[in-house]
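Here the structure is laid out as structure tokens; the discussion comes afterwards.
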Amino acid sequence: MTVISSADAKASPLAFLKAFLRNPKSIGAVAPSGHVLAGLMARGLGAGQTVLELGGGTGTLTRGLARAGVTGERLNVIEMNPDFIQSLRAQFPGARIHDHSAFEIDTLPDDVRDLDAVISGLPLVNMSGDNHRAIMRGSFARLKQGGYYRQFTYKPRCPISQEVLDEFGLKATYEGMALRNIPPAFVYRIERAA
């Protein structure tokens, strides 16, 4: 069971705001994701599954994964902001928090593989096609057969271009919308095409 202290919960919005003010494009939102979006991102995942979250931030999506039953060493999180890393380690003891770039997933430890899912809250709309390629390449190299990549975005279309999807033999499917998120968010599932 994951325990989140009231101090961590109260510190998250302030840490998020500080990070946003330092580098808005790397954060990509004016507020942390909400619990409704976290539930949508964790839908279908549970105990016994291994997940990699890209951009753990203040831990909102990570909490959704933990509530779904993805815990301990099966929960891998990539984050680069030192304040967020410290908070994630305090909130999720036992989870594997990696101080790592999402553009270099292929250099994660060898045992971070055969993943059931990669969950991403990264602001892909602020990134280049080359960055999208690096994320797709690294993610699908670590996903097991039948595994998928799930991404949320604030625009009502998949943030990965059709060109990049075709290049990697992938397809995107709209999964739902979190209206009660600030701002509302759209969720897409990306998987290997048949």
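What the table below lists for this structure:
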read-out	value
Condition met for Tyr154 (touching a Phe, Trp or Tyr at 6+ places or on another chain (Cβ under 9 Å) and in contact (Cβ under 8 Å) with a residue 40 or more places away in the chain)	yes
Residue check for Phe103: among the aromatic types (Phe, Trp, Tyr), open to solvent by 10 Å² or more (accessible area, probe 1.4 Å) and modelled with pLDDT under 95	no
Boolean, Ile182 is more than 23 Å from Arg113 (Cα to Cα), assigned to a loop (DSSP other than H, G, I, E, B) and either within 18 Å of the chain's Cα centre (by Cα) or β-branched (Val, Ile, Thr) (or both)	yes
Residues (touching a strand residue (DSSP E or B) at 6+ places or on another chain (Cβ under 6 Å), part of a helix (DSSP H, G or I) and open to solvent by less than 50 Å² (accessible area, probe 1.4 Å)) located in the stretch 71-95	Ile85, Leu88
Members of the stretch 100-134 that are of a type in the set (Ser, Thr, Tyr) and touching an Asp or Glu at 6+ places or on another chain (Cβ under 9 Å)	Ser120
All positions within the stretch 109-125 that are over 20 Å from Phe152 (Cβ atoms) and without any contact (Cβ under 8 Å) to a residue 40 or more places away in the chain	Pro109, Asp110, Asp111, Arg113
Count of residues meeting criterion [surrounded by 18 or more Cβ atoms within 10 Å (Cβ to Cβ), of a type outside the set (A, V, I, L, M) and under 15 Å from Phe168 (Cβ atoms)] in the stretch 121-154	9
Members of the stretch 36-64 that are over 14 Å from Glu175 (Cβ atoms) and of a type outside the set (Gly, Ala, Ser)	Gln49, Thr50, Val51, Leu52, Glu53, Leu54, Thr58, Thr60, Leu61, Thr62, Arg63
Which listed residue, of Ala9, Ala31, is farther than 27 Å from Gly147 by Cβ, modelled with pLDDT under 95 and either touching a strand residue (DSSP E or B) at 6+ places or on another chain (Cβ under 7 Å) or open to solvent by less than 40 Å² (accessible area, probe 1.4 Å) (or both)	Ala31
Number of positions in the stretch 169-194 that are among the hydrophobic types (A, V, I, L, M, F, W, C) and open to solvent by 70 Å² or more (accessible area, probe 1.4 Å)	4
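The values are calculated or read from the model by the stated rules, or taken from the named source; none is laboratory data. Quick caveat: nothing in here was measured; it's all calculated off a predicted structure. Positions of Cβ are generated from backbone atoms using ideal geometry, with glycine treated the same way; all protein chains shown enter the neighbour counts. Ligands, DNA and RNA are excluded from the accessible area calculation, which covers all protein heavy atoms including side chains. Shrake-Rupley method; radii C 1.70, N 1.55, O 1.52, S 1.80 Å.
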